[in-house]
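Novice: Before anything else, here's the structure in question.
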Amino acid sequence: MIRRYTPDQYLASVVKHGGDRRAAANELGVSHHALWANLKVCEDAGRSVPPSPYIANRLEYVRGKPPDVAANNQALQATIDDLRGQLEAVTTVKRWAASKPSKRTARKPNGGKHLYIPDTQVKVGVPIDHLAAAGNYAAEKRPDTIILGGDWWDFPSLSSYDRGKLSFEGRRYRLDVEAGKAGMERFLAPIRKAKGYRPRIVMTLGNHENRVNRAIEEHAVLDGTIGIHDLQLSAFGIEAHEFLSPVVIDGVSYCHYFPRSASGKVMQSKSGAPNALAQLRREGRSCVAGHTQGFDIACLPFSGRLQWGVIAGSFYQHQENYLTPQGQDHWHGVVMLHEVQDGCFSPMVVGLNYLLHKYA
Ligand SMILES: [Fe+2]
């Protein structure tokens, strides 16, 4: 049965609860609307209706009396606290976004960080601004080791492929040397300028640099006149490793290419594994090579550790004349290896166009 109250009974309940409409409505078991309607009847009849505690508090404040903090609505305070928390969170995110990447605190990854720069094949007349972009990228990302995969120098003057042909005209050894050195200067300049950054820089010499040694072997008269020392790698602060001599860093074997056959023997040294998976299986450990244009990758578990095979052999903007038009359509870029430890790592490819767009 619905119980009905007179306006005076509504008013009496509100007075009893010090003006608190909610407490009065709860006590009578009526809706707020019914309570307000009956109080209005009392007001119209000239009866004194007490204000709600919140309004009374506001009135006292307006009249000059300090507000009674204890009487403040708890829900209102909770809302204020919530808004304050939200503002604090937004401010923290804004501060993080405005800070320099080097100032941001992040959990330090396990293991090393390697930047692999594939074949650049620098020679006179080819664009080299991507090398400056790669240097800027390295200076920002700060890998602890930079591996130059070899064939940095192209050495067309020592090529046996088109010797005696029209295309060979005008080639000079000294120009080839200086072209590669100019590219190296562009790459290293931002790294040298980066404060507090001194990475280990390694080069696994390629078959193009090895053209110098081969020319001396074929023409003994050149002995003592030219040599790999012309590249001045030590002056650049680069640790050079002989052609086809692998260097192992944090468990990853680096070499210009890996010529081991499927039987496990090295029967020839003119070419590497046909693909990344074959290279990984034949070497039995993580191994990164250049030399072959494009990009190929594979991973397999060895003795409970995930190992990787990578072949990345092109980081240049020009077109190579010895390739057909269809042969020019391959991937160009560098590879960043994160968390390198015992041959395990997380690979990340960084494309040539991205570097030119963001870092040139
Ligand atoms: Fe090569």
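The values are calculated or read from the model by the stated rules, or taken from the named source; none is laboratory data. All values derive from a computational prediction rather than experimental measurement. Every residue, glycine among them, receives a Cβ derived from its backbone with ideal geometry; neighbour counts consider all protein chains shown.
Novice: Considering (1) away from the ligand (no atom under 16 Å from the Cβ); (2) in contact (Cβ under 8 Å) with a residue 24 or more places away in the chain, say which one ALA298 fails and leave the rest.
Specialist: Tallying (1) away from the ligand (no atom under 16 Å from the Cβ); (2) in contact (Cβ under 8 Å) with a residue 24 or more places away in the chain, ALA298 fails exactly one: (2).
Novice: Restricting to segment 144-161, what's the tally of residues that are in contact with a Lys or Arg (Cβ under 6 Å, 6 or more places away or on another chain), modelled with pLDDT of 95 or more, away from the ligand (no atom under 12 Å from the Cβ) and not polar (S, T, N, Q)?
Specialist: 1
Novice: Of the residues that make up segment 117-133, is at least one within 16 Å of the ligand (Cβ to nearest atom), under 18 Å from GLU209 (Cα atoms) and of a type in the set (Ser, Thr, Tyr)?
Specialist: Checked segment 117-133: at least one residue is within 16 Å of the ligand (Cβ to nearest atom), under 18 Å from GLU209 (Cα atoms) and of a type in the set (Ser, Thr, Tyr).
Novice: Do you know which of the residues in segment 282-294 that are more than 15 Å from the ligand (Cβ to nearest atom) and surrounded by fewer than 20 Cβ atoms within 10 Å (Cβ to Cβ) is nearest to GLY351 (Cα to Cα)? Step through it out loud before you land on a result.
Specialist: Looking only at segment 282-294, we keep the residues that are more than 15 Å from the ligand (Cβ to nearest atom), and these are 282-287.
Those left that are additionally surrounded by fewer than 20 Cβ atoms within 10 Å (Cβ to Cβ): 284-285.
Values: GLY284: 28, ARG285: 26 Å.
Taking the candidates together, the pick is ARG285.
Novice: Would you check which residues across segment 226-271 are among the acidic types (Asp, Glu) and either within 16 Å of the ligand (Cβ to nearest atom) or outside the structural domain of SER157 (by TED's automatic domain parsing) (or both) and list them?
Specialist: If the condition is that a residue be among the acidic types (Asp, Glu) and either within 16 Å of the ligand (Cβ to nearest atom) or outside the structural domain of SER157 (by TED's automatic domain parsing) (or both), then GLU242 is the only one that fits.
Novice: Now a separate question. Take the conditions under 31 Å from the mean Cα position of the chain (by Cα) and free of Cβ contacts under 8 Å to residues at least 24 places away in the same chain and apply them to SER234. Does it pass?
Specialist: Taking the combined requirement at face value, the residue satisfies it.
Novice: Can you confirm whether segment 319-334 contains a residue that is assigned to a strand (DSSP E or B), under 26 Å from SER269 (Cα atoms) and modelled with pLDDT of 95 or more? Please lay out each step first, then the result.
Specialist: First, pick out the residues of segment 319-334 that are assigned to a strand (DSSP E or B): 333-334.
Restricting the remaining residues to those that are under 26 Å from SER269 (Cα atoms) gives 333-334.
Those still in the list that are modelled with pLDDT of 95 or more too: 333-334.
Checked against the condition, which is being assigned to a strand (DSSP E or B), under 26 Å from SER269 (Cα atoms) and modelled with pLDDT of 95 or more, segment 319-334 yields at least one hit.
Novice: If you go through segment 336-352 one residue at a time, do you hit one that is within 16 Å of the ligand (Cβ to nearest atom), assigned to a strand (DSSP E or B) and in contact (Cβ under 8 Å) with a residue 60 or more places away in the chain?
Specialist: Filtering segment 336-352 for residues within 16 Å of the ligand (Cβ to nearest atom) gives none.
Checked against the condition, which is being within 16 Å of the ligand (Cβ to nearest atom), assigned to a strand (DSSP E or B) and in contact (Cβ under 8 Å) with a residue 60 or more places away in the chain, segment 336-352 yields no hits at all.
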